[in-house]
Amino acid sequence: FGAIPIISLPLTFTLEASLYMLYLKGLRGNEVSSKDLFTGFNNFKHVAGGMAWMYLWIFIWGLIPIVGIVFAIIKAYSYRFAPFILMTRPEIGATDAIKESMKMTNGIKGRMFWADVFVYIGFAVCVFVLGLFASIPYIGILFSIILFAFVLLYLALSQIFLGLVSASFYENRSSEQSEGTNVVQ
(Lines give C-alpha, C1' and ligand atoms only; values in the text may rest on other atoms or scores of the structure.)
Protein backbone atom coordinates (compact mmCIF):
# COMPACT_ATOMS: atom_id res chain seq x y z
CA PHE A 1 0.00 0.00 0.00
CA GLY A 2 3.00 2.31 0.31
CA ALA A 3 2.89 3.12 -3.40
CA ILE A 4 -0.72 4.30 -3.16
CA PRO A 5 -0.76 7.54 -1.11
CA ILE A 6 -4.56 7.64 -0.84
CA ILE A 7 -4.31 4.46 1.24
CA SER A 8 -0.93 4.80 2.93
CA LEU A 9 -1.25 8.40 4.16
CA PRO A 10 -4.47 7.93 6.19
CA LEU A 11 -3.05 4.73 7.67
CA THR A 12 0.21 6.50 8.56
CA PHE A 13 -1.60 9.49 10.06
CA THR A 14 -3.80 7.24 12.19
CA LEU A 15 -0.85 5.18 13.39
CA GLU A 16 1.04 8.37 14.25
CA ALA A 17 -1.85 9.70 16.34
CA SER A 18 -2.12 6.31 18.07
CA LEU A 19 1.60 6.45 18.79
CA TYR A 20 1.18 9.85 20.45
CA MET A 21 -1.51 8.31 22.68
CA LEU A 22 0.82 5.42 23.44
CA TYR A 23 3.41 7.93 24.69
CA LEU A 24 0.79 9.73 26.76
CA LYS A 25 -0.46 6.49 28.25
CA GLY A 26 3.09 5.45 29.14
CA LEU A 27 3.84 8.86 30.61
CA ARG A 28 0.79 8.59 32.85
CA GLY A 29 2.14 5.28 34.17
CA ASN A 30 -0.54 3.11 32.58
CA GLU A 31 0.23 -0.28 31.12
CA VAL A 32 1.09 -0.07 27.42
CA SER A 33 0.54 -2.90 24.97
CA SER A 34 1.00 -3.31 21.24
CA LYS A 35 -2.76 -3.23 20.59
CA ASP A 36 -2.75 0.40 21.83
CA LEU A 37 -0.93 1.29 18.62
CA PHE A 38 -4.20 0.72 16.75
CA THR A 39 -6.59 2.71 18.96
CA GLY A 40 -6.81 5.47 16.36
CA PHE A 41 -8.61 3.08 14.03
CA ASN A 42 -11.60 3.09 16.40
CA ASN A 43 -12.38 6.57 15.07
CA PHE A 44 -10.48 6.29 11.79
CA LYS A 45 -12.13 9.00 9.69
CA HIS A 46 -11.97 11.55 12.48
CA VAL A 47 -8.32 10.91 13.36
CA ALA A 48 -7.00 10.45 9.80
CA GLY A 49 -8.91 13.49 8.58
CA GLY A 50 -7.71 15.65 11.45
CA MET A 51 -4.09 14.62 10.99
CA ALA A 52 -4.33 15.18 7.22
CA TRP A 53 -5.82 18.63 7.85
CA MET A 54 -3.00 19.46 10.24
CA TYR A 55 -0.26 18.37 7.80
CA LEU A 56 -1.98 20.13 4.92
CA TRP A 57 -1.81 23.42 6.82
CA ILE A 58 1.85 22.88 7.73
CA PHE A 59 2.55 22.22 4.05
CA ILE A 60 0.65 25.34 2.98
CA TRP A 61 2.60 27.49 5.45
CA GLY A 62 5.80 25.99 4.03
CA LEU A 63 4.91 27.18 0.53
CA ILE A 64 5.41 30.85 1.40
CA PRO A 65 8.45 32.04 -0.55
CA ILE A 66 11.72 32.60 1.33
CA VAL A 67 10.39 32.36 4.92
CA GLY A 68 8.01 29.44 4.43
CA ILE A 69 10.19 26.87 6.15
CA VAL A 70 10.37 29.03 9.27
CA PHE A 71 6.58 29.49 9.31
CA ALA A 72 6.09 25.75 8.71
CA ILE A 73 8.30 24.91 11.70
CA ILE A 74 6.49 27.41 13.92
CA LYS A 75 3.12 26.03 12.82
CA ALA A 76 4.30 22.45 13.36
CA TYR A 77 4.99 23.37 16.98
CA SER A 78 1.65 25.22 17.19
CA TYR A 79 -0.20 22.14 15.96
CA ARG A 80 1.84 19.66 18.01
CA PHE A 81 -1.00 18.85 20.42
CA ALA A 82 -3.58 18.22 17.67
CA PRO A 83 -3.00 14.42 17.65
CA PHE A 84 -3.56 14.28 21.41
CA ILE A 85 -6.74 16.37 21.09
CA LEU A 86 -8.05 14.29 18.20
CA MET A 87 -7.50 11.07 20.14
CA THR A 88 -8.73 12.17 23.57
CA ARG A 89 -11.65 14.38 22.55
CA PRO A 90 -13.52 12.83 19.60
CA GLU A 91 -16.25 15.48 19.79
CA ILE A 92 -13.78 18.11 18.54
CA GLY A 93 -13.41 18.43 14.76
CA ALA A 94 -10.16 18.79 12.85
CA THR A 95 -10.23 22.58 12.56
CA ASP A 96 -11.16 23.01 16.21
CA ALA A 97 -8.41 20.57 17.25
CA ILE A 98 -5.87 22.72 15.44
CA LYS A 99 -7.26 25.89 17.04
CA GLU A 100 -7.23 24.27 20.48
CA SER A 101 -3.65 23.10 19.92
CA MET A 102 -2.65 26.65 18.97
CA LYS A 103 -4.18 27.93 22.22
CA MET A 104 -2.49 25.24 24.28
CA THR A 105 0.95 25.76 22.74
CA ASN A 106 0.78 29.52 23.06
CA GLY A 107 3.77 30.55 25.16
CA ILE A 108 5.54 27.18 25.16
CA LYS A 109 6.52 26.69 21.51
CA GLY A 110 10.03 27.95 22.24
CA ARG A 111 10.48 25.55 25.13
CA MET A 112 9.27 22.65 22.98
CA PHE A 113 11.63 23.67 20.19
CA TRP A 114 14.65 23.89 22.50
CA ALA A 115 13.77 20.56 24.14
CA ASP A 116 13.97 18.96 20.70
CA VAL A 117 17.11 20.88 19.71
CA PHE A 118 18.98 19.82 22.84
CA VAL A 119 18.40 16.16 21.97
CA TYR A 120 19.86 16.69 18.49
CA ILE A 121 22.73 18.85 19.75
CA GLY A 122 23.61 16.26 22.39
CA PHE A 123 23.66 13.57 19.72
CA ALA A 124 25.82 15.68 17.40
CA VAL A 125 28.34 16.46 20.16
CA CYS A 126 28.60 12.81 21.17
CA VAL A 127 29.06 11.71 17.55
CA PHE A 128 31.70 14.40 17.00
CA VAL A 129 33.68 13.44 20.11
CA LEU A 130 33.45 9.71 19.42
CA GLY A 131 34.38 10.39 15.81
CA LEU A 132 37.50 12.24 16.93
CA PHE A 133 38.46 9.37 19.23
CA ALA A 134 37.76 6.91 16.41
CA SER A 135 40.45 8.60 14.33
CA ILE A 136 43.19 7.72 16.86
CA PRO A 137 45.46 5.00 15.48
CA TYR A 138 45.18 1.52 17.01
CA ILE A 139 42.50 2.25 19.63
CA GLY A 140 40.28 4.08 17.15
CA ILE A 141 38.57 0.82 16.18
CA LEU A 142 37.21 0.52 19.73
CA PHE A 143 35.73 4.01 19.52
CA SER A 144 34.35 3.23 16.06
CA ILE A 145 32.46 0.30 17.54
CA ILE A 146 31.23 2.47 20.42
CA LEU A 147 30.17 5.14 17.91
CA PHE A 148 28.27 2.57 15.86
CA ALA A 149 26.51 1.22 18.96
CA PHE A 150 25.68 4.77 20.11
CA VAL A 151 24.14 5.68 16.73
CA LEU A 152 22.06 2.50 16.75
CA LEU A 153 20.89 3.19 20.29
CA TYR A 154 20.04 6.78 19.38
CA LEU A 155 18.08 5.68 16.31
CA ALA A 156 16.18 3.15 18.40
CA LEU A 157 15.35 5.38 21.36
CA SER A 158 15.36 9.03 20.26
CA GLN A 159 11.84 9.03 18.83
CA ILE A 160 10.50 7.41 21.99
CA PHE A 161 12.21 10.06 24.08
CA LEU A 162 10.96 12.92 21.87
CA GLY A 163 7.44 11.45 21.93
CA LEU A 164 7.50 11.30 25.71
CA VAL A 165 8.70 14.91 25.82
CA SER A 166 5.75 15.96 23.62
CA ALA A 167 3.36 13.98 25.80
CA SER A 168 4.84 15.63 28.88
CA PHE A 169 4.31 19.10 27.45
CA TYR A 170 0.73 18.17 26.55
CA GLU A 171 0.03 16.68 29.99
CA ASN A 172 1.46 19.72 31.78
CA ARG A 173 -0.49 22.18 29.64
CA SER A 174 -3.71 20.15 29.97
CA SER A 175 -3.41 20.07 33.75
CA GLU A 176 -2.66 23.82 33.83
CA GLN A 177 -5.76 24.54 31.77
CA SER A 178 -7.99 22.26 33.82
CA GLU A 179 -6.77 23.91 37.04
CA GLY A 180 -7.45 27.32 35.51
CA THR A 181 -10.96 26.21 34.54
CA ASN A 182 -11.64 24.94 38.06
CA VAL A 183 -10.51 28.24 39.56
CA VAL A 184 -12.81 30.24 37.24
CA GLN A 185 -15.82 28.04 38.06
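The values are calculated or read from the model by the stated rules, or taken from the named source; none is laboratory data. The model shown is predicted, which means the values in this text are computed figures rather than measured ones. Because the Cβ atoms are built from the backbone with ideal geometry, glycine has one as well, and the counts that use them run over all protein chains shown. Please note that ligands, DNA and RNA were not included when accessible areas were found on the heavy atoms of the full protein model with its side chains. Shrake-Rupley method; radii C 1.70, N 1.55, O 1.52, S 1.80 Å.
Just for region 77-106: of the residues that are open to solvent by less than 60 Å² (accessible area, probe 1.4 Å) and among the charged types (D, E, K, R), which one is nearest to Ala167 (Cα to Cα)?
This residue is Arg80.
Examine region 131-153 for a residue that is touching a residue at least 40 places away in the same chain (Cβ under 8 Å) and either closer than 23 Å to Pro83 by Cβ or more than 24 Å from the chain's Cα centre (by Cα) (or both), and state whether such a residue exists.
No; the residues of region 131-153 include none that is touching a residue at least 40 places away in the same chain (Cβ under 8 Å) and either closer than 23 Å to Pro83 by Cβ or more than 24 Å from the chain's Cα centre (by Cα) (or both).
Among the residues of region 1-38, which ones are among the basic types (Lys, Arg), in a helix (DSSP H, G or I) and open to solvent by 80 Å² or more (accessible area, probe 1.4 Å)?
Across region 1-38, the qualifying residue is only Lys35.
With (1) open to solvent by 70 Å² or more (accessible area, probe 1.4 Å); (2) touching a residue at least 40 places away in the same chain (Cβ under 8 Å) as the list, and Pro65 as the residue in question, which single condition is left unmet?
With (1) open to solvent by 70 Å² or more (accessible area, probe 1.4 Å); (2) touching a residue at least 40 places away in the same chain (Cβ under 8 Å) applied to Pro65, the lone miss is (2).
Of all residues in region 79-105 being free of Cβ contacts under 8 Å to residues at least 12 places away in the same chain and touching a helix residue (DSSP H, G or I) at 6+ places or on another chain (Cβ under 8 Å), which is nearest to Glu176 (Cα to Cα)?
Arg89
Kindly indicate whether any position in region 107-114 is at positive phi and open to solvent by less than 80 Å² (accessible area, probe 1.4 Å).
yes
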